1. Of a type in the set (Ser, Thr, Tyr), modelled with pLDDT under 95 and not in a helix (DSSP H, G or I) - does that describe any residue in the stretch 285-298?
2. Would you check which residues across the stretch 182-203 are farther than 23 Å from Gly431 by Cα and either in contact with an Asp or Glu (Cβ under 6 Å, 6 or more places away or on another chain) or of a type outside the set (A, V, I, L, M) (or both) and list them?
3. Say whether the condition of being under 30 Å from Ser105 (Cα atoms), under 23 Å from the mean Cα position of the chain (by Cα) and touching a residue at least 60 places away in the same chain (Cβ under 8 Å) is met by at least one residue in the stretch 361-370.
4. Confirm whether Gly104 is of a type in the set (Gly, Ala, Ser) and farther than 17 Å from Leu56 by Cβ.
5. So which residues in the stretch 416-448 are surrounded by 24 or more Cβ atoms within 10 Å (Cβ to Cβ) and among the aliphatic types (A, V, I, L, M), if there are any at all?
6. Determine, yes or no, whether Ala149 is of a type in the set (A, V, I, L, M, F, W, C), in contact with a strand residue (DSSP E or B) (Cβ under 8 Å, 6 or more places away or on another chain) and touching a residue at least 24 places away in the same chain (Cβ under 8 Å).
7. Can you tell me which residue is surrounded by the fewest Cβ atoms within 10 Å (Cβ to Cβ) among those in the stretch 167-207 that are charged (D, E, K, R) and farther than 16 Å from Phe139 by Cβ?
8. Identify, please: which residue in the stretch 156-166 is over 17 Å from Arg403 (Cβ atoms) and not hydrophobic (A, V, I, L, M, F, W, C) and is, among those, surrounded by the most Cβ atoms within 10 Å (Cβ to Cβ)?
Amino acid sequence: MSIESEKLSSVATDSELAYMSAVGLAARFGRGELSPVEVLRALSERAAEHQGLNALVAADVRRNHLEAQEAVRRYREGRARPLEGIPVIVKDLIDTEGLRTSYGSRMFSGHVPPRDAAVVERVRAAGGIVVAKSATHEFAWGITTDGSAVGPTRNPWDPTVVPGGSSGGSAAALAAGLAPLAIGTDTAGSIRIPAAFCGVMGLKPTFGLIDTAGVFPLAPSLDHVGPMARTVEDLRLLLSVLAPDGAQAPDPAADAEVVVGIWSELEQAELAPDIARVFHETVRALEDAGVRVVRLSVPGLPPLYPALGTTVAVEGAAGHRGAGLWPARRSEYGGQVRARLEKASRVTVEQYARTQRDRALITAMTARVLHDVDIVLSPVSGVSPARIGHDEVPGAPEALSFRERVMAFTALQSLTGVPACVVRAGFDSEGLPVGVQLTASWGREHTLLATAQRLVEATSELQHSWPTA
């Protein structure tokens, strides 16, 4: 079931406000057609109605209201900042001063950070209102967001399936119309997977582009912070705030004709029929829109999923040991993360060394490919979302796990640090969104977002429906 977003009348209803873009809200605030206080009220009421999704885990209602009132004054006085009065949801892995931040774990259920993470400081300095924290898989170590101290987060399109993870709360909140902007983190696909499963957009930027200070680490050589939204324009707006000054210098190639490549060796796990159908339809839509799409093969690419899994395991376990959490507080971990920490202890130095050799080769091969094409187009996942509590592919006899059939498609971008953007591309036979992933070379976020916009325009009929649940 879904609703179609419609052209807004001069007086927006609460339902229309729920799916208005950040760029659209800012324009209406500036013209005095809407008030940040009015929008905050409408979204707060909507969040209460959607508590069953378990997407949001903490909020400071009084502070939000005071900041909305301040935004009204700034618009009236002509002093509005880039995100003035815009609601922003922040993943619960990211520190927020004075607002509970549990990292999805019961051992931090009462933790209130003394200061904001760097990205939160930037949002607040730009006038954004941090309206709520969003649910995350415990310590961001999972791709389902059903492994959290507060229980499973549900997908707004079908509450019986996972929203993806670990930024599942952020994606679910966007899809449910609880805010126009959200911030997630991505180590092994944690922005891209939930964006695809919930039918929203997510950007994993170039590694190191956005400051991760104040974000609980999972695997430091892979950890990213990035924007999530429902439109490319909103992704671009939030990225301009989160990235350091000057990092978003225009890319001369962004407005030029790009070449999109399909790298055959990236398909290291089988695509379910629905996913394959949507991917082929996406390629056809781009070609029909005049985009040049080329098929290419660069043999010898090492297995991606094992390299990613080993890197996350070793760095994740090292971080938890260094923080004094593992194994001292073993009993306080949820079952999924405890099992991953135990498995990590069995990885040998030799295995890790081989993995890093493979990672260097993967990075070199990626550089070769992105020298020949501007964008690589690939699936985000080989399958649709799993049922909550079942980290598996329903009814499938194949040996590959659900995790591998998803993360095999997000691994290359994680291991190499290249930027990647997820765009909705269609729906499976159950009506669940299917996303595709656009990948560009390091530092080419402008080209990436320009191409994402081309894809949105080429598939415009797919981009405006939202769940009713």
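The values are calculated or read from the model by the stated rules, or taken from the named source; none is laboratory data. Note that the structure is predicted; figures quoted are calculated from it, not measured. With ideal geometry, Cβ positions are generated from the backbone for all residues, glycine too; neighbour counts draw on all protein chains shown.
1. Initially, the stretch 285-298 is screened for residues of a type in the set (Ser, Thr, Tyr), giving 297.
Applying the additional criterion that residues be modelled with pLDDT under 95 yields none.
Checked the stretch 285-298: no residue is of a type in the set (Ser, Thr, Tyr), modelled with pLDDT under 95 and not in a helix (DSSP H, G or I).
2. Listed by number, the residues that qualify are Gly184, Thr185, Asp186, Thr187.
3. If we filter the stretch 361-370 for residues that are under 30 Å from Ser105 (Cα atoms), which is where we start, we get none.
No, the conditions are met nowhere in the stretch 361-370.
4. Values: of a type in the set (Gly, Ala, Ser): yes; farther than 17 Å from Leu56 by Cβ: no.
It is false that Gly104 is of a type in the set (Gly, Ala, Ser) and farther than 17 Å from Leu56 by Cβ.
5. Selection gives Val418, Ala420, Val422, Val423, Ala425, Val434, Val436, Leu438, Ala440, Leu448.
6. So Ala149 does not fit the description; no.
7. Result: Lys204.
8. Pro156
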